[in-house]
Amino acid sequence: MPGPANFFDEVNQYFDQAAEFTDYPPGLLDQIRGCNSVYRFDFPLRRGDGRIEVLRAWRVEHSHHKMPVKGGIRFAPEVYEEEVMALAALMTYKCAVVDVPFGGAKGGIRLDGRQYSTEELERVTRRYTHELVKKDFIGPGIDVPAPDYGTGEREMSWIVDTYAALNPGQLDALGCVTGKPVTQGGVRGRKEATGRGLFYALREACAHSESMKRLGLSTGLEGKRVIVQGLGNVGYHAAKFCREGGAIIVGIAEREGAITRAQGLHEDEIVEHRRTTGSILNFPGATNLPTTAAALEMECDVLIPAALEGVFTAENAPKVKAKIVLEGANGPTTPAADPIFREKGILVIPDIYANAGGVTVSYFEWVKNLSHVRFGRMLKRHEMANELAMLQTIERATGKQFTNEERRQLAKGPDEQDLVNSGLEETMISAYHELLQTKEKNPGVQDLRIAAFLVAIHKVARSYIELGIFP
Ligand code: NAD
């Protein structure tokens, strides 16, 4: 997928459009817009066959108005500096939109993970972490990476192990990275958080009867036809939660091609088919599309780009037939495509809000690591006892008995997963309403993206104004 010429410029175009609705001095806007630190470095890797290969890598810290800064690490063959800068900037705005108290950051290593063995990837990840430690670009109070495109729980384990080895005895070392496996200090629900957050965002949008009426759609998620591009962490979980929420997954696009099926596809069956055949194509009962890109132009209600940036351009945007574009990926809609979507009346639920579930639950994981106790551990039995007492009061008052199954359902007390999901749901719902209200209060703001940028600019600006300038 070709990335945009300069993704960072594109993010700034959105920023500038939103900044028009503020009267902050230009210098303050410059301070918010720019990247505070851009660290580019090269390091050698000894390949399995003895060859030495030099890899190029980055860590960008966009804004230090809140510490630590936070953002994922991307492994991709085409990563470039302005891309990492753009992604770091989006992290700042995203954290502000969902009230996560971090500045934005992002990391990248230019490599195609599929061309390297597990041992090689481990050496790459550990060396990258060591380079960050040397320059003070990682630490629970400094800069906290997470998974992004091409990385996951496995890489986060290697990072925390390397960081802990280099900082023996540091009590909060587990908080140096999020997206870890639960057995290594991760939090339940982080892996699926971005996809779950996308589902909450879509459910909220579909519950808004005024918007649905304008789009000619019924209220609610039930029966909405969804197409997902990218069946990785974000796309897989978005498909799963949307399907479980009543939507029908009518199309899935991956690198090798796209498939459609009007009656619906089940993400687990497609993943299994891909695992055994090496491709999502030729899935029994589904139709292959001529190209991956064709999936983006198919008839559907909701289109979820969940692969990479720069997917919608001036060329293909006019052909998009979806009513709602739910941005799972960061930066899928270029500024050239954006006004075309607006003219077509497409509801775009923007990345800096829609995919913020990941960083929200990463924040919960970081809080868990600093507090050194699992969420729910202190509360569960206490809540259970309260709930049981309530059930017994109802039984006495009504003379009826709950069944054992009802009792189990109604008096279970919250565990970690329940609390994480509840915190995520609350975050996504309240942030959506903040965007709607901002749009209403600023009549010139025509879409949710500019509303989201405006919300973010106000919050970051306030922080900078209150902090003042050192020295
Ligand atoms: P991932 O590596 O798990 O999955 C990406 C998937 O996209 C892979 O299956 C890949 O094969 C597929 N893909 C690549 N090129 C494609 C193409 N041309 N057409 C269709 N599919 C293609 O990555 P991820 O973590 O799911 O991230 C996806 C996007 O979501 C990125 O933009 C990332 O920045 C963003 N995001 C991720 C998270 C997170 O928590 N992981 C959070 C917020 C945003």
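Assorted remarks:
- Residues satisfying the stated conditions in the range 78-100, i.e. within 11 Å of the ligand (Cβ to nearest atom) and under 17 Å from R449 (Cα atoms): A86, L87, L90, M91, K94
- The set of residues in the range 169-198 that are aliphatic (A, V, I, L, M) and within 16 Å of the ligand (Cβ to nearest atom) comprises V177, V182, V187, A193, L198.
- Just one of the listed residues (F75, F41) is within 22 Å of I138 (Cα to Cα), away from the ligand (no atom under 14 Å from the Cβ) and either over 26 Å from the mean Cα position of the chain (by Cα) or in contact (Cβ under 8 Å) with a residue 40 or more places away in the chain (or both), and it is F41.
- Within the range 154-168, not a single residue is outside any helix (DSSP H, G or I), touching a residue at least 24 places away in the same chain (Cβ under 8 Å) and either surrounded by 24 or more Cβ atoms within 10 Å (Cβ to Cβ) or within 11 Å of the ligand (Cβ to nearest atom) (or both).
- Under the condition of being open to solvent by less than 50 Å² (accessible area, probe 1.4 Å), touching a helix residue (DSSP H, G or I) at 6+ places or on another chain (Cβ under 9 Å) and within 16 Å of the ligand (Cβ to nearest atom), the residues counted in the range 199-239 number 16.
- Taking the numbered list (1) under 24 Å from the mean Cα position of the chain (by Cα); (2) touching a residue at least 24 places away in the same chain (Cβ under 8 Å); (3) within 26 Å of H433 (Cα to Cα) in turn, D415 passes all entries but (3).
- Flag for A247 being within 16 Å of the ligand (Cβ to nearest atom), touching a residue at least 12 places away in the same chain (Cβ under 8 Å) and in contact with a strand residue (DSSP E or B) (Cβ under 9 Å, 6 or more places away or on another chain): no
- Taken as a whole, the condition of being in contact with a helix residue (DSSP H, G or I) (Cβ under 6 Å, 6 or more places away or on another chain) and either under 30 Å from K180 (Cβ atoms) or crowded, with 18+ Cβ neighbours inside 10 Å (or both) does not apply to H273.
- Scanning the range 7-38 for residues that are open to solvent by less than 40 Å² (accessible area, probe 1.4 Å) and under 23 Å from the mean Cα position of the chain (by Cα) yields F7, F8, E10, V11, N12, Y14, F15, A18, I32, G34, C35, S37.
- Here the range 171-185 is the region considered, the condition is being open to solvent by less than 70 Å² (accessible area, probe 1.4 Å) and part of a loop (DSSP other than H, G, I, E, B), and the residue that is farthest from V133 (Cα to Cα) is P181.
- When P147 is tested against the conditions (1) more than 15 Å from the ligand (Cβ to nearest atom); (2) open to solvent by 30 Å² or more (accessible area, probe 1.4 Å), the lone failure is (1).
- So A247, is it touching a Leu at 6+ places or on another chain (Cβ under 9 Å) and at pLDDT 95 or above: yes
- Unique match (being within 23 Å of T287 (Cα to Cα), among the basic types (K, R) and open to solvent by 60 Å² or more (accessible area, probe 1.4 Å)) among R243, R188: R243
- Within the range 395-409, the set of residues being open to solvent by 60 Å² or more (accessible area, probe 1.4 Å) and part of a helix (DSSP H, G or I) comprises R396, A397, T398, N404, E405, E406, R408, Q409.
- Across the range 276-287, the number of residues qualifying as surrounded by fewer than 16 Cβ atoms within 10 Å (Cβ to Cβ) and away from the ligand (no atom under 14 Å from the Cβ) comes to 6.
The values are calculated or read from the model by the stated rules, or taken from the named source; none is laboratory data. Everything numeric here is computed off the predicted structure, so don't read it as measured data. Neighbour counts are summed over all protein chains in view; Cβ atoms, including those assigned to glycine, are modelled from backbone coordinates with ideal geometry. In case anyone asks, the SASA skips ligands and DNA or RNA and just uses the protein heavy atoms, side chains included. Shrake-Rupley method; radii C 1.70, N 1.55, O 1.52, S 1.80 Å.
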